[in-house]
Every structure is written in structure tokens, then in C-alpha cells.
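Undergrad: I am attaching a structure below and will ask some questions about it afterwards.
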Amino acid sequence: MNQFKKHIISFLILFFLLNSYSQNFKSCKEAKKKASYDFKHNEIKIDIFNRFNDSIFQSDKFDVFFENYLFTNYNLKNKMFFFDDYKNTKCYNEIILKKIKYKHGNHFIKKTIQNAKKSHKEFLNSNEDSLSKFINSDKIYYLVDSRIRFKGNDKKIMIFLENLISNICNKKEDLESIRIDLTISTKGIVTNCKIISNLINNNKKSNIKNQILLKINSLGKWIPAYLYNQKVNSTINLYPFSNNFSFSLW
Amino acid sequence: MVNIFIYILFIPFIFFGQKIETYKEIGEIHAIEDFNLGAGIVGYYYNIINPDYKTIKFIEFNKVFYLKKYNINYEIVNVGCLIPENYNCYKNSYKKHMDSLVLKKYGGNFIKNTEKEILKEYEIFKNATQNELKKYINFDHIYDFAESLPKFIGNEKNLSDFINNFIISNFENKNLKQIALSIEYSENGSITNCFFTDAIVFFDKIYNINDYNFEKNNDNKYLQLEKELTKSLNNLGQWIPAYLYQNKIKFNEGFVSLSNYTEY
């Protein structure tokens, strides 16, 4: 009987070990998949430039400049994000670094920081008129000095979106999850729009998008985003049904 | 020996007790002050299951209704006083005293009756046309909430740089983090007044009248600076006014903090 107990215990131990190994393996695989996906979409969600520890980045002035520099010159977004599990970070890191080196060369990280430092010095000594060279007017910036705002009553936009979306989507629970990303050009005009929701199907999404693009510019102009005192293309995120959210008292 | 031990055990409670007293006292003082200025009303919750009445939209309607009809400020606050140095202890005391003052003035059933009135009016409001919405607005009142906030037409960084430079150059030897600015806008978007205030009152302690406020009350220089800044801001560019229920309103944007300031 004792022998039997021993077998059961060792079986259980083996089972738990194998299970945790396979889970780690699975999450590592997922992290690698995520890294490939992010790289394809020009986003690096890991601190490959050592921004958290290198003293040069400790100043906000350089850190923000660097992020825009990276985006302007290499079309890369380096938003900070860390996986909870160190092993997964390692898996993510491995793929990202491999791909970066393959695309931009072995010394990309070092060179980019050096060039960004030079560019920052130049930027600090620039006058207002020469700041435009630090910007690519074709890009849609996500880090700006002055955000996009509607040139009028915000409610007008929200009512328009609320009515339009409610006509297309019937279920009330679908609506609260919706986020609308509007791209506003330097001229203060809506040039693109993206519907973000897990509950609405693609057909409805494209219907909403087309309707918005058709009508929204007739409601009025927008104050564009500014970066380095220049107007830039940028995106604004809107939650049209946020005013209907339940108010939590506790 | 046992006595000393018991005494030591009670020391923290003695200190906490004193803190609570202070916060309670401040709550009471503020309640009386606010009531004399036009009254405030804090955190009356509707005991209703209908989810429509638990939305931000409905809470906002309550504020609008109380202001228009009774000139009362309605505010939702979590009131509980578990941690002595908590802001809630202040609000707890504030609410208690404000309740008794409001009920004394308007009668014991005031809140219950008004709640019924608001529920009725809210159903009408939900289907109101743009023109009908006007009746809910008190056009003389300077609101501190809106459906659309005032906006500077231009680069916001230039605006914050200008304000910060103004403060830095005029408030020498001051801890700048303590100074904040509130701006009053007219319904056409122009700036009517600027006030320098003590940010600490909001972010740290409740009733900390520091040296700056004392100086301000006794020195005409600050009033002149406020006038100068009002004029300069109007010259700097144009603003889009605040809106409430699709109507342009007067608005007080409280505490434009120095923390907005970023420099490259």
C-alpha cells in the first residue's frame, strides 16, 4: 500500500512539473508570436534601448524626443511595456532583437542612441523656423505637444457618433465598448477613422467607418495636433457612449 | 508600570482623535461658509434600481437642476471616515453640517421632494430640443463643469509655456509647485479673470493657508499681476467657450497646474 502511495505522489509531482513546463513553453511561444506581430506593425514594447537605466534617458526632455526621433526616422514606436513573467520578456526580446538586427544591422541600438543624442543637441540649438526638419509631415504622430481638439462643442461630435452607431448596432451592450480613432490632418480635417470594438462584426465596422468619413467633416473643423510648434497629423480616441456609463458610487 | 503601558497603547488613538477633530472642524467651517455663499449640497444618492439614474449624464443633470432652481451646488462624494487623515473625513463632516443647514432652510422633506421633482424633469429633459435645453441653464452662473471645456485655438504648449514663464518671472523665491492658476471664461470665449491660488489646498492638505495666500490678501501687487495676465492671455489667441447642453456658458477652469509644463 505504501508503495502505491509513493507512486501516486511521484506521479502527481511529475504531472505538476510537466504542466508548469508546458505552460511556460506555451507562454514563451505566445510571447515570440507577439514579438513577430509587434515588429510587423513597427512597435517594440520592450526596453531594448535601455531607456529605464541609461542616465541620458532619465531626463524627460530626451526620452520624449528619442521616442519621436525613432518614429520619425525608423517608423518605430517604442511604447514601454513589460511582460509580468521574466521568461516571457526574454522570449519576446530574443525575437525582437533578431529581427531588428536583420533589418537595421548589428549596431542599430548603439548607433540610434548616438545619432539621437546628436540630433537632440541640434534640436536644442534650433530656432523656431528650423524645427520643421525634425518632423516628417507625412507621419501620423502619437506623441505630441498639443493634442487634437474639436473647434466647437464636443457634444456635437458625440451626438453625431452616438446616433450614427446606434442606428447600425442594435444591442446596447455592444455600444459601450466602442472606441473611435479619428485621424486629423494638419489642416484640421478628418482623414481616416478606425472602429475599435470586440463586439461588433467587420461589416458593421466598415459601415460605421464609411458613414463617419462621409459626414463628419460637415460638422466643423478641428484644431490639429502640434509637435515642436509645427502642425502634425495625429489621432484622437473617442468613446461616444462614455457619458452613459454607470456611475460607481463606491 | 501597567498604567504606562496602557498609556503608550492609547497614544496613537489620542493623535488620530485630534486629527479627526481638526478635519471635522474644517468640514463644518467650510459647510457654513459655502452655505452662506449660496449653499452646497453633497452626495445624495438615489435609492433607485433603474440604471438610467446611475449614469454620469443623470448626475450631471442633478448638478444642473440644483444650480438653476435653488442656486445650490450638488456634488457626489464618497463619505466615509475610516482613515483619520483622509479627505473623506473632511467631506463626511461637511456633508453632515450641510445637510442640517439645507434642511433647516428648505424644510425636512426638501431632499426627498426635490429628488421626485428631478426624476420627473429628467424624463422631459431626455427628449428636449436644443431650444428647450436653454431653460436648464443659469446663464449668469460661472460653471465649473461642462459637456465641452474651453479650448485654446492653437498650440497648447505655447500657452502653458507663456503661463509658466509669467509665473516664474513674477513669483521670485516662491515654491512654484504651490502656485496654481484658475481662469474664468466668458460665454464668447474671452478670458474675464485670472486668479492665482494655492495648489496645496487641493493636492496635499485641506485648509493650508500658506504664506502666499496671506501675502496675496495683503498685497495689491498680486491683483495687478492677475489683471496683467488676463490681458496678455486675451492677446495671445482665441478660445472656444465651454458648452453645457449645447449652450455657451461662463466657465471657471480651476487650477491649471504647473505640472502640465514640459520642455524639450
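Quick note: the coordinates plus some simple rules give every number you see, no bench work behind them. Since we're looking at a predicted model, the values are computed, not measured. Please note: Cβ atoms are built from the backbone with ideal geometry, for glycine as well, and neighbour counts cover all protein chains shown.
Undergrad: Using the Karplus curve 6.51 cos²θ - 1.76 cosθ + 1.60 with θ = phi - 60°, work out ³J(HN,Hα) for each residue of region A:111-121 in order, rounded to whole Hz, and write x for Gly and Pro.
TA: 4, 4, 5, 4, 5, 5, 4, 4, 4, 5, 4
Undergrad: Amide H neighbours of A:Leu227 under 5 Å, counting only residues 5+ apart in sequence or on other chains, H built in-plane at 1.01 Å?
TA: Those qualifying (amide H under 5 Å, at least 5 residues apart or on another chain) are A:Asp145, A:Val232.
Undergrad: HN-Hα J couplings of region A:3-10 from phi, Karplus 6.51/-1.76/1.60, θ = phi - 60°, integer Hz, Gly and Pro as x?
TA: Computed from phi, the couplings for region A:3-10 are 4, 5, 4, 4, 4, 4, 4, 5 Hz.
Undergrad: Another question, then. Pull the list of chain A cysteines that no other Cys approaches to under 4.7 Å, Cβ to Cβ.
TA: Lacking a cysteine Cβ partner under 4.7 Å: A:Cys169, A:Cys193.
Undergrad: Another question about this same structure. Which GluC sites (Glu not before Pro) in region A:77-158 pass both tests, a DSSP loop state and at most 12 other beta-carbon atoms within 10 Å?
TA: Here no loop site has a sparse enough neighbourhood.
Undergrad: Now for a separate question. Tell me, what ³J(HN,Hα) does each residue in region A:88-95 have, in order and in whole Hz, if you take phi through Karplus 6.51 cos²θ - 1.76 cosθ + 1.60 with θ = phi - 60° and put x for Gly and Pro?
TA: Per residue, the Karplus-derived 3J(HN,Hα) values read 5, 4, 4, 5, 4, 4, 3, 5 Hz.
Undergrad: Under the rule of at least 5 residues apart or a separate chain, name every residue whose amide H is placed under 5 Å from the amide H of B:Leu181.
TA: Those lying under 5 Å, H to H, from B:Leu181 are B:Thr197, B:Phe255, B:Val256.
Undergrad: Also: Could you pull out every residue, at least 5 positions away or on a different chain, whose amide H is within less than 5 Å of the one on B:Lys151? Hs are placed 1.01 Å off N in the peptide plane, and Pro or chain starts have none.
TA: Placed amide hydrogens put B:Ile240 under 5 Å from B:Lys151.
Undergrad: Right, another one. What is the Cα radius of gyration of region A:35-189 over 2.2 N^0.38 Å, N being its residue count?
TA: In units of the 2.2 N^0.38 Å rule of thumb, it is 1.32.
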